[in-house]
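Asker: Below you'll find the structure I mean.
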Number of protein chains: 2
Amino acid sequence: MLSPYREDSSTMAQSRDRLLVVGSVALDTIETPAGKREDVPGGSALYCSLAASLYVPVHVVGVIGEDFPEEPLRLLERRGVNLKGLQRVRGKTFRWSGRYHQDWIGRDTLDTQLNVFADFKPAIPRESTDCEVVFLANIQPQLQLDVLDAMTGPRLVALDTMNYWIKGDLPLLKKVLKRTDLLIINDEEARQLSGKYSLLKAAREIVAMGPKVVILKKGEHGCIVVAKDYMQLIPAYLLEDIEDPTGAGDTFAGGIMAVLTAHRGLSDAVLRNAVIHGTIMASFGVQGFGPERLNSLTVEEVETRKRQYLRWTRMTEAAGC
Amino acid sequence: MLSPYREDSSTMAQSRDRLLVVGSVALDTIETPAGKREDVPGGSALYCSLAASLYVPVHVVGVIGEDFPEEPLRLLERRGVNLKGLQRVRGKTFRWSGRYHQDWIGRDTLDTQLNVFADFKPAIPRESTDCEVVFLANIQPQLQLDVLDAMTGPRLVALDTMNYWIKGDLPLLKKVLKRTDLLIINDEEARQLSGKYSLLKAAREIVAMGPKVVILKKGEHGCIVVAKDYMQLIPAYLLEDIEDPTGAGDTFAGGIMAVLTAHRGLSDAVLRNAVIHGTIMASFGVQGFGPERLNSLTVEEVETRKRQYLRWTRMTEAAGC
């Protein structure tokens, strides 16, 4: 018999490696065609940690202000997330406010207040410096380099970035890329970083900059995974409705990082399973405002949806075995 | 051993059924970021026939003017296409002129001259009325109904349409849909036809209008196949470069129709193989201006690319068999 997905994520951990996530923690005010919410907990580090901590031990490094509520922190703790690197400092938490267009894709940023995030210097607690896997969410490239310098030698470094740093801080970003195993960025960022419009050319150009693997996110159209001698086309899970796309990319990354933390090595099979897992996690993420759907998500729900997804995407016939 | 694609298209024909294609034949003037060509043979019936005739017997019904060149007709004949239903009448051939944007997706129609296509009344030759499979490319719904009335009872009817008829001729189009097994339209047309923004809801709504299967085309992002108890997500083949997207949708349809003509029944496996085959055919189609790449395409080239595509899209592990 053919086993459609050989790694059962409910018993995912083969290693007890730990994932370090460094990024923003925010309070978002979000308006989508489905509604509006104010001061929703968010930020790349929060979404990524929530998704990954369902499966693997996570350490978070970030900063919050005095106004950040306790509840989301307690939830992370109940999932075993180590919050010693999450500094609470005087002032207000990073705030973002945005409105999504009717097509759910375009969005206008209405307001950004960096607040305590403006002076964020990641301080890695001693017990986190030997985490085996690192996800550097989208922050200033110099801070990403500082984090890597503080680590004792992770076996895998994954990176996100954004157009702002590609445009304004390219030399530093290129230094980070040389120390990166896996880059997760969206299609437009890949085009900007490579100067190539063709996504295949863009990905190959970026692989030449350092990362072994590049994952190009195409939102509701899925993603493309490119390595030197490897390519994978992964459709997104198709939903009837979505509530809020905020954090989808970081939730996707969190799902990927969970598999890459639980399984050592970047083999084709592990990589494919990681991206499938990220795809499923992101599909849940967009079904609630902010992180609310992730808060209640169970491993069983993930496995059920993954089986359905694998039926929808299978290209081969099981018969003939 | 697992056979990745069980039907070898090079020996595709299990039946000797014939495909009837009814649609436009045109002379296109095309400008893309890769260049410009004038008076390129085109039209839905031409692209679909070219793609399908590499595999199955095709009969074409359409109209051309006195100015349409002989060469593309001779090529179709060499592929065994029956051209008795392609009327040549006094006047000029349907002409379309368009310019694609730098993103290769948006395009401006610069000029449309219906010419002899304005008075097109499909006349099905006696020897074509018992074709087993029919593809009704995008023409006026009343003409599509006339074609179906002229047939002795095809086992499979597939349909394309466009926003113009959805907006202007909906009651007639709904009549055609009730007599359709397979609808192939793009995402925006599906939204317009169903009134639903969600593609999954749109597809389900359309299935309730008559077709057993709906294939929603998303251009370079692939397609979604929806039936009552079936769903398949199919990524597009990823190319380094394209030359000209004109006719991609009709080439895709031609590839699908070839498999559905060669293999009876709309089983999951046949449907999946059909859409994979259409995906590969369309990927070749956009690699040349107009139909030039399809003109020289060989079955071996298609099979080689299909094997590569199946490696890029496999979700399951062959091990364990």
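The values are calculated or read from the model by the stated rules, or taken from the named source; none is laboratory data. As the structure is a prediction and not an experimental result, all values here were calculated from the model. We place every Cβ from the backbone using ideal geometry, glycine too, and count neighbours over all the protein chains shown. Areas reflect the complete protein model, heavy atoms only, side chains present, ligands, DNA and RNA absent. Shrake-Rupley method; radii C 1.70, N 1.55, O 1.52, S 1.80 Å.
Asker: Does region B:81-135 come out rounded, prolate or oblate, given a ≥ b ≥ c as the square roots of the eigenvalues of its C-alpha gyration tensor, rounded meaning a/c under 1.5 and, failing that, prolate meaning a/b above b/c? Could you put the intermediate results ahead of the total?
Answerer: Working: a/c = 3.75, a/b = 1.79, b/c = 2.10.
Since a/c reaches 1.5 but b/c is at least a/b, the shape of region B:81-135 is classed as oblate.
Asker: Also: When the distances between all Cα atoms of region B:211-258 are binned every 10 Å from zero, what whole-number percent does each bin get?
Answerer: Once binned at 10 Å, the Cα pair distances of region B:211-258 give 22, 55, 20, 4.
Asker: Counting pairs of alpha carbon atoms under 8 Å apart in space and at least six apart in sequence, what relative contact order in percent does chain B give?
Answerer: On the way: 678 pairs, mean separation 60.5, N = 321.
Rounded, it is 19 percent for chain B.
Asker: Summing +1 for each Lys or Arg and -1 for each Asp or Glu, what net charge is found among the other residues whose Cβ lies under 12 Å from the Cβ of B:Cys48?
Answerer: Values: positive: none; negative: B:Asp160, B:Asp250.
Spelling it out: positives minus negatives among the neighbours equals -2.
Asker: P(r) tail for chain A, what percent of Cα pairs lie past 36 Å? Numbers along the way, then the final one.
Answerer: On the way: 5809 of 51360 pairs.
When every Cα pair of chain A is considered, 11 percent fall beyond 36 Å.
Asker: What is region A:133-212 by shape, rounded, prolate or oblate, if you read a ≥ b ≥ c off the alpha carbon gyration tensor as root eigenvalues and call it rounded for a/c under 1.5, prolate for a/b larger than b/c, and oblate otherwise?
Answerer: Details: a/c = 2.20, a/b = 1.55, b/c = 1.42.
It comes out prolate by the Cα gyration axes.
Asker: For B:Arg264, A:Arg179, B:Arg90, A:Arg272, write out the residues from largest to smallest accessible area, computed with a 1.4 angstrom probe and no ligands counted.
Answerer: On the way: B:Arg264 155, A:Arg179 100, B:Arg90 210, A:Arg272 5 Å².
Reading off the accessible areas and sorting them downward yields B:Arg90, B:Arg264, A:Arg179, A:Arg272.
Asker: Quick check: residue separation of A:Lys174 and A:Glu77 times 0.36 nm, minus the Cα distance between them. What number comes out in nm? Present the calculation step by step, with values, prior to reporting the outcome.
Answerer: Numbers: separation 97, 0.36 × 97 = 34.92 nm, distance 3.47 nm.
Working it through step by step, the gained length comes to 31.4 nm.
Asker: Put the label 7 Å from Cα along Cα→Cβ for A:Gly80; what are its distances to the other copies, in nanometres, shortest first?
Answerer: 6.2
Asker: Pick from A:Asp149, A:Asp39, A:Asp244 the residue whose mean-square fluctuation is largest in a GNM of chain A, springs joining Cα atoms under 10 Å.
Answerer: Looking only at A:Asp149, A:Asp39, A:Asp244, the biggest GNM fluctuation is shown by A:Asp149.
Asker: In square nanometres, what is the average projected area of the Cα convex hull of the protein assembly as shown? Don't skip to the end; give the middle numbers.
Answerer: Values: hull surface 110.7 nm².
Result: a mean projected hull area of 27.7 nm².
Asker: For A:Asp130, project a label point 7 Å along Cα to C-beta. Then give me every residue of region A:62-95 with its amide nitrogen under 19 Å of that point.
Answerer: A:82-85
Asker: List the pairs from A:Lys92/A:Lys121; A:Lys36/A:Lys217; B:Lys175/B:Lys212; B:Lys201/B:Lys228 whose alpha-carbon separation is above 22 Å, in the order I gave them.
Answerer: Numbers: A:Lys92/A:Lys121 16 Å; A:Lys36/A:Lys217 26 Å; B:Lys175/B:Lys212 15 Å; B:Lys201/B:Lys228 12 Å.
Correct reply: A:Lys36/A:Lys217.
Asker: Using a cut-off of 12 Å between beta-carbons, work out the net charge of the residues near A:Glu127 (Lys and Arg +1, Asp and Glu -1, A:Glu127 not included).
Answerer: After counting each charged neighbour, the total is +2.
Asker: Still on this structure, please answer the following. Could you identify which residue out of A:Asp28, A:Asp111, A:Asp250 has the top mean-square fluctuation in a GNM of chain A using Cα springs shorter than 10 Å?
Answerer: For chain A, modelled as a Gaussian network with Cα springs under 10 Å, the answer is A:Asp111.
Asker: Now a separate question. Students sometimes get this wrong: rank A:Lys174, B:Lys218 by accessible area, probe 1.4 Å, all chains present, largest first.
Answerer: Numbers: A:Lys174 90, B:Lys218 25 Å².
Largest accessible area first, the list is A:Lys174, B:Lys218.
Asker: Could I ask something else about it? Defining a contact as two alpha carbons under 8 Å apart and six or more residues distant in sequence, what relative contact order in percent does region B:195-282 show?
Answerer: 21 percent
Asker: Continuing with this model, one more query. Calculate for chain A the 222 nm mean residue ellipticity that helices alone would give, adding -39,500 (n - 2.57) per DSSP H run of length 4 or more and normalising by residue count, nearest 500 deg cm²/dmol. Please report the intermediate quantities before stating the final value.
Answerer: On the way: 11 runs with 112 residues, N = 321.
Taking each H run of at least 4 residues, the total per residue is -10500 deg cm²/dmol.
Asker: To the nearest 10 square angstrom, how much accessible area does B:Glu77 have with a 1.4 angstrom probe?
Answerer: So the heavy atoms of B:Glu77 present about 90 Å² to solvent.
Asker: Would you check the accessible area of B:Trp165, probe 1.4 Å, heavy atoms only, in square angstrom rounded to 10?
Answerer: Taking all protein chains as shown, B:Trp165 has close to 50 Å².
Asker: What does the C-alpha gyration tensor say about the overall shape of region B:142-282? Classify as rounded when a/c is under 1.5, otherwise prolate if a/b is larger than b/c, or oblate. Please report the intermediate quantities before stating the final value.
Answerer: Numbers: a/c = 1.44, a/b = 1.22, b/c = 1.17.
The shape class here is rounded.
Asker: Still on this model: Alpha carbon centre of region A:228-306 versus region A:117-135: separation in Å?
Answerer: A separation of 24 Å, based on Cα centres.
Asker: Could you sort B:Asp119, B:Asp187, B:Asp108 by their accessible area in this structure, using a 1.4 Å probe and putting the largest first? Before the final figure, lay out each step's value.
Answerer: Values: B:Asp119 120, B:Asp187 35, B:Asp108 70 Å².
Ranked from most to least accessible, the order is B:Asp119, B:Asp108, B:Asp187.
Asker: Enter the mean projected area of the convex hull around the alpha-carbon atoms of region A:103-165, in nm², rounded to one decimal. Each step should come with its number before you reach the end.
Answerer: Working: hull surface 23.8 nm².
Spelled out: convex hull of the Cα atoms, projected over all directions, averaged, 6.0 nm².
Asker: Using only atoms on other chains, find how many Cβ atoms lie within 10 Å of each Cβ of peptide A:225-236 and report the average.
Answerer: Working: counts 1, 1, 0, 0, 0, 2, 6, 6, 10, 5, 12, 3.
Going residue by residue through A:225-236 and averaging, the value is 4.
Asker: Add +1 for every Lys or Arg and -1 for every Asp or Glu among the other residues with Cβ under 11 Å from the Cβ of A:Ala202, and state the total.
Answerer: With Lys, Arg at +1 and Asp, Glu at -1, the neighbours total -1.
Asker: Normalised radius of gyration for region B:213-321, please: alpha carbon Rg relative to 2.2 N^0.38 Å, two decimal places.
Answerer: Values: Rg = 14.0 Å, N = 109, 2.2 N^0.38 = 13.1 Å.
Dividing the Cα radius of gyration by 2.2 N^0.38 Å gives 1.07.
Asker: Using alpha carbons only, how many angstrom separate the centre of region A:41-99 from the centre of region B:146-211?
Answerer: 49 Å
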